[in-house]
Structure formats: structure tokens, C-alpha cells
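The values are calculated or read from the model by the stated rules, or taken from the named source; none is laboratory data. Remember, it's a predicted structure, so these values are computed and weren't measured experimentally. All Cβ positions, even for glycine, are placed from backbone atoms using ideal geometry, and neighbour counts span all protein chains on display.
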Amino acid sequence: MAGASTATATATADDARPAGTGRRRGRPSTPVLSQEAITRVTLRLITRRGYEAFTLAALAKELHVSVSALYNHAASKQQVLLWAQDAINATIDTGPFATLPWDEALASWARSYRDAYADVTPLIPVMAVLPVSDAPGSLAMYETVVAALVEAGWSGGEAVNAVVAVESFVFGSALDTAAPAEIFDVSEDAAPVFAAAVADRHRRYGRGAATADAAFDLGLDALLAGLRARHGSGA
């Protein structure tokens, strides 16, 4: 019968088709790479294992791809780091610069900045010195902040200096959030005045995050007071 012959021929052709040919359904055997996926795994890898362990070979292994496949998406290690920088900085809130006075907006920005980097402290030494010319998200952040300061009467150069001053303080404060609670624990015999001061600090603020927050609040208040005075002097 013609129908049976056709069915038989089709079955024979299917049996003869080499394994692995024809349309494959379901998920691809090789992971699909994207900037978002590479960035996400980069942040996870560095946060867990430290920046010293970060290489493109290690990243490719985490992504379950070959190094050559990774290079098809990222031209260099620096490009991957710039993606990571943009991803972190995208979480920093610059919205208050549109509605609040410059000093209040700067305080809000500093708090958001610290929170963003407190989660990725191993990256701070790298991000603090990474050029931003090829990081569009980071550039957008700086444009917003400096434009608001200039509009408030800061000169361009001093506005950038103010940003750098705040960033320097923020990076140190973010690192402080990862410091061990016993970092200042010393015996009274070794440093009696310092030991008593540390004990007083613990009585006032407790340990760990609370002490880091108290130090940050004090430092930010002092920094902003200095910036207000500088701005009032016609900087």
C-alpha cells in the first residue's frame, strides 16, 4: 500500500539519520552567554573567592563555557570589570539630586553608595581605581551628581573634588562593614586609654554593624559640614 510504503520509507530515513543531526528541542547544550549573565557570575565569583582568584579562565569555568567562548562576548578582563562596576553603580540612588538640596542629596547618595559596595567589599580596591570612560552607567551617575552640584553653585573642579572626597570616605566605610567585631579588642595593659574607649563604644553602640553605622554617621556629618563651609566660602 502506498501509505504503508511512505511510512516505512520515513521510518527508514529516520533510522538512518546520524545521531545529533536534525532539529534539537529543549535547552541548548552550551549555556547562552550574555553581558548580564557574565556580570552576575563575576560578582558572585569575586565576592565568594576574592579578587585574587578572578581570572577569565576561572570565570569561564563558573559559566561552564570555554575561555574562547567567553572571549566572543568580552574582549578583556577589564571589560568584564567595567560591566561589574556599571551593575553595582546602577543600584546607587541618584534620584534625590532632582528634588533635595545639594547637601541632603549628597548625604542620601553617600548612604546608597555605601550600601551598594558593602555587599561587594572584595571589589572595592579595584573599582576605586578603575577608569570610567567605558562604563556608561557609571558616567551617567557622575553626570547627575556633578550637574546638581554645579547647579547649586559649586565650581566644576570643586564639584569633582567633593565627589572624590565623598567616594573616598564611602569606600573606607563600606570596608568597615566587613571588619570583624573584635578588631579593636585589646587588653588594658597594652593600651589602657584605647581599651577603655573601645569598651565605651561597645556600651554605646554594641558591636558589628551598629558600630560601623555610628562611625559612618559621624564621619558623614563631619564631611558634609566641611563641604557646606567650603561651599559657603565661594568654592
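Which number in (1) hydrophobic (A, V, I, L, M, F, W, C); (2) modelled with pLDDT of 90 or more; (3) not in a helix (DSSP H, G or I) marks the one condition that Ala69 misses?
Among (1) hydrophobic (A, V, I, L, M, F, W, C); (2) modelled with pLDDT of 90 or more; (3) not in a helix (DSSP H, G or I), Ala69 violates only (3).
Here's a check for you: in the stretch 168-208, which residue that is β-branched (Val, Ile, Thr) and not in a helix (DSSP H, G or I) is surrounded by the fewest Cβ atoms within 10 Å (Cβ to Cβ)? Outline the logic, then answer.
Initially, the stretch 168-208 is screened for residues β-branched (Val, Ile, Thr), giving 170, 177, 183, 186, 193, 198.
Filter once more, keeping what is not in a helix (DSSP H, G or I): 177, 183, 186.
Values: Thr177: 18, Ile183: 11, Val186: 13.
By that ranking, first place goes to Ile183.
Going by the conditions given, is Ser112 under 13 Å from the mean Cα position of the chain (by Cα) and free of Cβ contacts under 8 Å to residues at least 24 places away in the same chain?
Working: under 13 Å from the mean Cα position of the chain (by Cα): yes; free of Cβ contacts under 8 Å to residues at least 24 places away in the same chain: yes.
Yes.
Quick check: anything in the stretch 191-208 under 23 Å from Arg44 (Cβ atoms) and basic (Lys, Arg)? Steps first, please.
Taking the stretch 191-208 as the starting set, the residues that turn out to be under 23 Å from Arg44 (Cβ atoms) are none.
No, the stretch 191-208 contains no residue that is under 23 Å from Arg44 (Cβ atoms) and basic (Lys, Arg).
Looking only at the stretch 216-234, how many residues end up being surrounded by fewer than 16 Cβ atoms within 10 Å (Cβ to Cβ) and either in contact with a helix residue (DSSP H, G or I) (Cβ under 8 Å, 6 or more places away or on another chain) or at pLDDT 95 or above (or both)?
Step one: list which residues in the stretch 216-234 are surrounded by fewer than 16 Cβ atoms within 10 Å (Cβ to Cβ), which gives 217-218, 221-222, 225-226, 228-230, 232-234.
Narrowing the set further to residues that are either in contact with a helix residue (DSSP H, G or I) (Cβ under 8 Å, 6 or more places away or on another chain) or at pLDDT 95 or above (or both) leaves 217-218, 221-222, 225-226, 228-230.
So the answer is 9.
Go through the residues of the stretch 136-150 one by one and say whether even a single one is closer than 18 Å to Asp176 by Cβ and either in contact (Cβ under 8 Å) with a residue 24 or more places away in the chain or surrounded by fewer than 16 Cβ atoms within 10 Å (Cβ to Cβ) (or both).
Within the stretch 136-150, the first condition is being closer than 18 Å to Asp176 by Cβ, and the residues that meet it are none.
Taking every residue of the stretch 136-150 in turn, none turns out to be closer than 18 Å to Asp176 by Cβ and either in contact (Cβ under 8 Å) with a residue 24 or more places away in the chain or surrounded by fewer than 16 Cβ atoms within 10 Å (Cβ to Cβ) (or both).
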